[in-house]
Amino acid sequence: MSQRPTLADVASAAGVSVSTASLAFSGAGPIADATRQRVLDAAAELGYSGPNPLGRQLRSGRSGIVGVVVGDALRRSFRDPVSVQLLDGLVDTIGPLGLGVLLIPGPTSPGGPAVDPLVEAAAMDVAVMLWGGTLDDPTLEALARRGIPVVVVEGHELSGVVTVGIDDRGGVAELAAHLRDLGHRRVATVTLPFGPERQGGLADLARREQIAWSIPRRRLEGLLDAGVEPVGVYEAPASLVEHGSAAARALLSGPPETRPTAVVAQSDMLAAGVVLGARELGLRVPEDVSVAGFDGLDLPWLAPDTLTTVVQPIAEKGATVGRVIQAVLAGEHPADDVLPVSLRVGTTTTAAPGA
């Protein structure tokens with residue numbers, strides 16, 4: 001078996017020094033176009049694909065990898081359009097910088113490890129946490145021990161950690177005011193998971209006091225800011241349609257005089273599930289029950305309904321995270337960033353029955 005050609009072989013074939021050949025591949029210094037092309041032609045003839053990436057990492061002290069902790073099993077994360085669009089915005093921004101992404105799942109079972117082994121051992125220059133970011137988060141603690149800079153998406157404000165978020169509390173407050181103005185007084189809500197244990201079912205006050213993750217807490221507080229005290233709270237274990245349908249069955253099965261006249265879901269996928277669940281129960285949306293979501297997703301399969309929703313700039317949020325990463329790698333200390341949201345009224349909300 002022939003030996004793999006080296007950079008020195010390419011330099012010899014092109015009639016240049018090894019340092020000049022290296023510059024031809026890196027583009028990091030002055031070199032004539034004709035010389036660069038001569039080096040590349042020699043490399044192609046020898047079958048040389050480029051410098052060893054491991055050696056490049058050792059010389060630069062950088063891995064070129066951004067670790068993205070998704071906080072859930074990857075199979076669920078990739079069923080959530082919000083996660084996919086956010087990653088698209090992130091990758092589109094850092095890709096031209098020569099950075100790659102390593103996806104790291106969160107804890108997937110109560111008996112499993114609290115921290116994925118990749119968090120403890122994988123090479124990465126920066127880590128992004130899509131969920132969590134609490135003071136006692138074991139993943140955050142592990143990254144801090146390794147000295148890896150962290151960007152938290154929609155998490156708690158933490159010392160030494162950059163946070164990129166949205167005004168979701170204000171957006172939910174605007175949505176709740178919209179329902180209040182339509183005469184709704186019995187409003188229930190379907191939340192995102194409260195913490196890594198990802199329980200599912202009706203959540204009483206004691207359970208609500210155990211919320212660890214900031215996203216469901218802020219969006220519950222948005223309802224209260226508008227003077228809307230939910231008559232029922234259903235905690236979903238993930239942002240999936242089937243969990244929204246289960247929530248509808250739990251919240252809307254009662255008699256007309258006591259069941260909620262409106263349901264606010266903390267994601268559009270959950271809201272779509274509530275719409276489907278309400279239909280299964282024989283309820284009309286929005287005549288019998290209004291349903292609203294959060295995210296601003298395009299859900300053509302929900303036709304003829306179009307969700308009333310709070311629209312967030314998902315791809316731009318990912319791009320903002322990418323720009324923060326670029327600043328961190330340049331040795332800068334970027335400030336936290338909060339992106340605006342907006343209310344979009346669709347066909348799934350109307351005046352409360354009898355209002």
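Quick look at the values:
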| read-out | value |
| --- | --- |
| Unit charges at the beta carbon, dipole of the stretch 189-249: most positive-side option, S239, I215, V228 | S239 |
| The stretch 202-355 - charge dipole about Cα centre, Lys and Arg +1 at Cβ, Asp and Glu -1, debye rounded to 20 | 120 debye |
| The chain: relative contact order as a whole-number percent, Cα under 8 Å and 6+ apart | 16 percent |
| Fraction of beta bridges assigned by DSSP in the stretch 228-355 that are antiparallel (%, nearest 5) | 30 percent |
| Descending semi-axes in whole angstrom, ellipsoid equivalent of the chain, from the Cα gyration tensor | 50, 20, 18 |
| Spin-label model distance (nm) - D92 vs T347, 7 Å beyond Cα toward Cβ | 2.9 nm |
| Kirkwood Rh in Å, taken over all unlike Cα pairs in the stretch 7-51 | 9.9 Å |
| The chain: antiparallel DSSP beta bridges as a percent of all, rounded to 5 | 15 percent |
| The stretch 168-312 - share of DSSP beta bridges that are antiparallel (%, nearest 5) | 10 percent |
| Segment W301-A123, extension gain: residue separation times 0.36 nm, minus the distance between their alpha carbons | 60.0 nm |
| About the Cα centre, charge dipole magnitude for the stretch 253-315 (Lys/Arg +1, Asp/Glu -1 at Cβ), debye | 80 debye |
| Selection from P193, P304, G322 lying farthest towards where the dipole of the chain points positive, charges on Cβ | G322 |
| Hull volume in cubic angstrom per residue (convex hull over the Cα atoms of the stretch 209-355) | 137 Å³ |
| Mean Cα-pair separation over length for the stretch 92-251, i.e. relative contact order, pairs under 8 Å, 6 or more apart, % | 20 percent |
| Among 325-331, 164-170, 181-187, the order from most to least packed when residues are scored by Cβ within 10 Å on average | 164-170, 181-187, 325-331 |
| Which of F294, F25 has the fewest Cβ neighbours within 10 Å, and the rest in rising order | F25, F294 |
| For the stretch 254-323, alpha-carbon Rg relative to the globular expectation (2.2 N^0.38 Å, N residues) | 1.31 |
| Nitroxide proxy distance, nm - points 7 Å out along Cα→Cβ at E287 and E316 | 3.8 nm |
| FRET efficiency estimate (nearest 0.05) - Cβ-Cβ, R207 to E257, R0 25 angstrom | 0.40 |
| Two-site label geometry, Q37 and L339: point separation in nm, points 7 Å out along Cα→Cβ | 4.2 nm |
| Helical mean residue ellipticity (222 nm; -39500 (n - 2.57) per DSSP H run of 4+; nearest 500) of the chain | -11500 deg cm²/dmol |
| GNM flexibility winner over the chain from V241, V119, V338 (Cα, springs under 10 Å) | V338 |
| Total charge dipole magnitude, the chain, about the Cα centre, Cβ charges on Lys, Arg, Asp, Glu only, Debye to nearest 20 | 480 debye |
| Top of L224, L40, L202 by mean-square fluctuation, Gaussian network on the chain, Cα under 10 Å | L40 |
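Each value in this text was obtained by applying a stated rule to the coordinates, not by laboratory testing. Remember, predicted model here, so these are calculated numbers, not experimental data. Here the Cβ is made from the backbone with ideal geometry for all residues, glycine too, and neighbour counts use every protein chain on show.
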